[in-house]
Amino acid sequence: MYEKAIIYGSVYIDGEFVSKHIYIQEGKIAKISEKLYEAEEVIDAQNLEVLPGIIDPHVHFELNLGHVISVDDFYTGSVAAVYGGVTTIIDFLDPVDHQSEIENAYEKRLDLAKKSVCDYSFHATIKKPRGNLKEFVQKIKQLGMPTLKFFTTYSDSGRRTYDEQIIELMKLSESENITLLGHIESDELIRLDDSFLARDLPLSRPAISETIEALKLAEFLRSYGGKLYMVHLSSGRTLEALTGTYKALLNKSLFIESCPQYFSFTKDILNEDNGYLYTFAPPLRSANEQALLFKYSKYIDTIGTDHCAFNREHKNKKLLKDIPLGIGGVEHSFNIMRHHLGDDVIDKMTKRVAEIHGIRNKGELKEGYDADLFLYEPMKAYKISDNHAQSDYSVYEQHPIDGKVVSTMIRGEFVMRDRKFLGGKGQWLRRRLADD
């Protein structure tokens with residue numbers, strides 16, 4: 001007899017929905033079958049879809065900007081996450097410039113993350129490095145983090161990594177089997193003007209800065225090898241340019257992440273009276289660039305939210321320089337992207353994330369894998385109306401969607417059931433890339 005059975009659901013397996021029953025034992029998917037077996041607890045999923053738990057590869061909980069801290073900590077952010085079917089998140093260590101500082105950054109973040117109700121991991125982050133890059137890379141791998149984020153901009157705050165060191169990191173990503181995560185904007189094309197207002201954000205951080213930098217780094221990748229993951233790609237023109245010259249790298253060693261906000265809004269909304277609520281970096285783009293994002297969406301590997309939420313009082317400032325950049329989104333990401341891209345988005349938010357970021361035994365409904373899943377009720381003419389994160393607003397309020405997350409299970413236990421939060425205790429995940 002199994003501990004739990006989820007029966008009569010429409011189960012997402014290998015890219016299609018099938019009528020099967022899922023049996024759970026000791027936190028794992030023990031069996032998937034068309035046959036009914038006995039179980040201590042039976043969950044009737046008739047008229048519901050059963051999907052693998054969403055893995056959000058890009059969140060910023062409890063991010064300290066010095067003058068303000070993002071309003072979702074690892075507890076409130078993860079509670080919001082499970083309401084959206086998210087069972088695993090990957091946050092970031094604070095940026096450090098020397099290998100001797102990595103462990104302290106890791107321990108500091110780990111202490112904050114212990115509040116999480118969903119499973120979690122971290123990407124390491126480097127800034128203007130001054131140490132031995134090989135030792136840096138070997139240290140993050142030792143700590144179970146085979147992914148390293150760098151910035152090509154933010155020289156004003158000392159976070160930029162320059163081309164010579166990026167090339168060295170590319171070579172190390174090949175020899176040491178890690179993936180580099182790049183915040184891709186050309187620093188030389190960023191304009192920081194103290195007189196800019198919220199609506200000037202696309203002028204401050206123009207789309208061409210992303211496109212030019214993306215093409216340059218793709219050429220580095222082609223020349224030196226390695227694995228590069230471009231975070232929060234905002235412009236479809238960037239994606240179009242990459243497909244024109246570097247199609248052979250895309251989805252193989254060059255991976256693209258985009259975010260729900262770039263599919264949902266255009267920069268025109270920044271001109272509205274509440275445009276300051278829609279400020280983040282990279283900023284929103286034109287309707288034409290958004291259309292290209294849809295057109296080339298098959299080349300997007302993953303969807304991350306870049307969740308970094310603030311309250312209205314933090315965002316409602318006259319000058320752009322005084323506005324903390326970031327929005328929330330972890331709770332609504334699947335609903336929004338399913339609405340935009342249909343079933344094609346499922347693997348981009350589950351299986352592909354697990355594959356690219358080295359998360360084992362998650363991302364698919366498969367025997368032997370963790371029983372991380374959610375039950376989804378398809379609905380017509382439905383809109384987002386509730387929020388469980390800490391921010392006192394959501395840019396996605398009243399956004400049209402096609403259903404709702406009913407229940408979320410992590411390692412065989414419901415953390416949210418029938419839209420009621422039950423509680424849970426997330427686990428830290430060591431990660432390693434394939435062939436390691």
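Given the criterion modelled with pLDDT of 95 or more, charged (D, E, K, R) and touching a helix residue (DSSP H, G or I) at 6+ places or on another chain (Cβ under 7 Å), identify the matching residue among D418, D370, D347, D392.
Testing whether each residue is modelled with pLDDT of 95 or more, charged (D, E, K, R) and touching a helix residue (DSSP H, G or I) at 6+ places or on another chain (Cβ under 7 Å) leaves just D392.
Those residues that are surrounded by fewer than 21 Cβ atoms within 10 Å (Cβ to Cβ), more than 22 Å from the chain's Cα centre (by Cα) and touching a residue at least 40 places away in the same chain (Cβ under 8 Å), I need them from segment 248-272; list them, please.
Listed by number, the list holds a single entry, N271.
Which of the following residues is over 22 Å from Q398 (Cα atoms), crowded, with 22+ Cβ neighbours inside 10 Å and of a type in the set (A, V, I, L, M, F, W, C): I327, I300?
The match here is I300.
Per-residue answers, yes or no, for (1) among the small types (G, A, S); (2) in contact with a strand residue (DSSP E or B) (Cβ under 6 Å, 6 or more places away or on another chain); (3) modelled with pLDDT under 95; (4) within 16 Å of H98 (Cβ to Cβ):
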| position | (1), (2), (3), (4) |
| --- | --- |
| K141 | no, no, no, no |
| G144 | yes, no, no, no |
| D156 | no, no, yes, no |
| Q165 | no, no, no, yes |
| S173 | yes, yes, no, no |
| E176 | no, no, no, no |
| L181 | no, yes, no, no |
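Out of (1) hydrophobic (A, V, I, L, M, F, W, C); (2) farther than 17 Å from E257 by Cα; (3) buried (at least 21 other Cβ atoms within 10 Å of the Cβ), the odd one out for I346 is which?
(2)
Anything in segment 128-150 that is among the charged types (D, E, K, R) and either free of Cβ contacts under 8 Å to residues at least 60 places away in the same chain or touching an Asp or Glu at 6+ places or on another chain (Cβ under 8 Å) (or both)? List them, or say none.
Of everything in segment 128-150, those that are among the charged types (D, E, K, R) and either free of Cβ contacts under 8 Å to residues at least 60 places away in the same chain or touching an Asp or Glu at 6+ places or on another chain (Cβ under 8 Å) (or both) turn out to be K128, R130, K134, E135, K139, K141.
State yes or no: is L192 outside any helix (DSSP H, G or I), among the aliphatic types (A, V, I, L, M) and under 21 Å from the mean Cα position of the chain (by Cα)?
Here the answer is no, as L192 does not meet what is asked.
For segment 74-93, check the following and say yes or no: at least one residue is within 17 Å of the chain's Cα centre (by Cα), of a type in the set (D, E) and assigned to a loop (DSSP other than H, G, I, E, B).
No, segment 74-93 has no match at all.
If you scan segment 408-436, which residues turn out to be without any contact (Cβ under 8 Å) to a residue 40 or more places away in the chain and charged (D, E, K, R)?
R417, D418, K420
Going through segment 343-360 one residue at a time, which ones are within 24 Å of S10 (Cα to Cα), among the hydrophobic types (A, V, I, L, M, F, W, C) and over 12 Å from the mean Cα position of the chain (by Cα)?
Once the filter is applied, which keeps residues that are within 24 Å of S10 (Cα to Cα), among the hydrophobic types (A, V, I, L, M, F, W, C) and over 12 Å from the mean Cα position of the chain (by Cα), segment 343-360 yields V345, I346.
Residue by residue, here is whether (1) in a loop (DSSP other than H, G, I, E, B); (2) free of Cβ contacts under 8 Å to residues at least 60 places away in the same chain; (3) over 28 Å from the mean Cα position of the chain (by Cα) holds:
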{"site": "A5", "(1), (2), (3)": "no, yes, yes"}
{"site": "Y12", "(1), (2), (3)": "no, no, no"}
{"site": "V18", "(1), (2), (3)": "no, yes, no"}
{"site": "H21", "(1), (2), (3)": "no, yes, yes"}
{"site": "E41", "(1), (2), (3)": "no, yes, yes"}
{"site": "N47", "(1), (2), (3)": "yes, no, yes"}
{"site": "I55", "(1), (2), (3)": "no, no, no"}
{"site": "G66", "(1), (2), (3)": "yes, yes, no"}
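The values are calculated or read from the model by the stated rules, or taken from the named source; none is laboratory data. Because the structure is predicted, anything quoted here is derived from the model rather than measured. Using ideal geometry, Cβ is built from the backbone for each residue, glycine included, and neighbour counts are taken over all protein chains shown.
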